[in-house]
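Input: a single structure, listed below in structure tokens.
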């Protein structure tokens, strides 16, 4: 089995686990910590939509968001896991680290820097510093978890490389 196929398998399993945990965290944050912030953003969106004739309340939109957020996090985790699994498998020998778990953690850290820190900067002006910092912290935990799982499963399923017999 090639490293890309092993990465695909490891990415699928890691992505599902990541997706479930991400869905739970998303629901907890959306229902508790970030509810006021989310309602403010939705209220702004509803006000803008009302100008074009769309009538929906912020609370109805919030309920829809809560219903969809967990499912989207799960499906997104699986899709991202498949894609990043292939990338991880293809880059495996170039990633620093002696063990597959260390390589996975390094990969997760790079994933966090790109997806949470850099891409998150795009939403900084719209959502503010507090939301950005929560997203960056949440992203660090989830990215390192994903990287750990990716490295663990990749190392577990990777076929050992054959070494020539030395006499």
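The values are calculated or read from the model by the stated rules, or taken from the named source; none is laboratory data. Computed from a predicted model, the values in this text were never measured in an experiment. Here the Cβ is made from the backbone with ideal geometry for all residues, glycine too, and neighbour counts use every protein chain on show.
So the values come out like this:
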| quantity | calculated |
| --- | --- |
| Single residue of 24, 95 found to be surrounded by fewer than 14 Cβ atoms within 10 Å (Cβ to Cβ) and under 23 Å from residue 153 (Cα atoms) | 24 |
| Among the residues listed as 78, 144, 115, the single one being modelled with pLDDT of 95 or more, closer than 21 Å to residue 16 by Cα, within 15 Å of the chain's Cα centre (by Cα) and in a helix (DSSP H, G or I) | 144 |
| Residue satisfying condition, being modelled with pLDDT of 85 or more, assigned to a helix (DSSP H, G or I), under 17 Å from the mean Cα position of the chain (by Cα) and over 26 Å from residue 133 (Cβ atoms), within set 11, 19 | 11 |
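Let's see how each residue does on (1) out of contact with any helix residue (DSSP H, G or I) (no Cβ under 8 Å at 6 or more places or on another chain); (2) surrounded by fewer than 17 Cβ atoms within 10 Å (Cβ to Cβ); (3) at positive phi:
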residue: 10; (1), (2), (3): no, no, no
residue: 14; (1), (2), (3): no, no, no
residue: 28; (1), (2), (3): yes, yes, no
residue: 44; (1), (2), (3): yes, yes, no
residue: 47; (1), (2), (3): yes, yes, no
residue: 63; (1), (2), (3): yes, yes, no
residue: 99; (1), (2), (3): no, yes, no
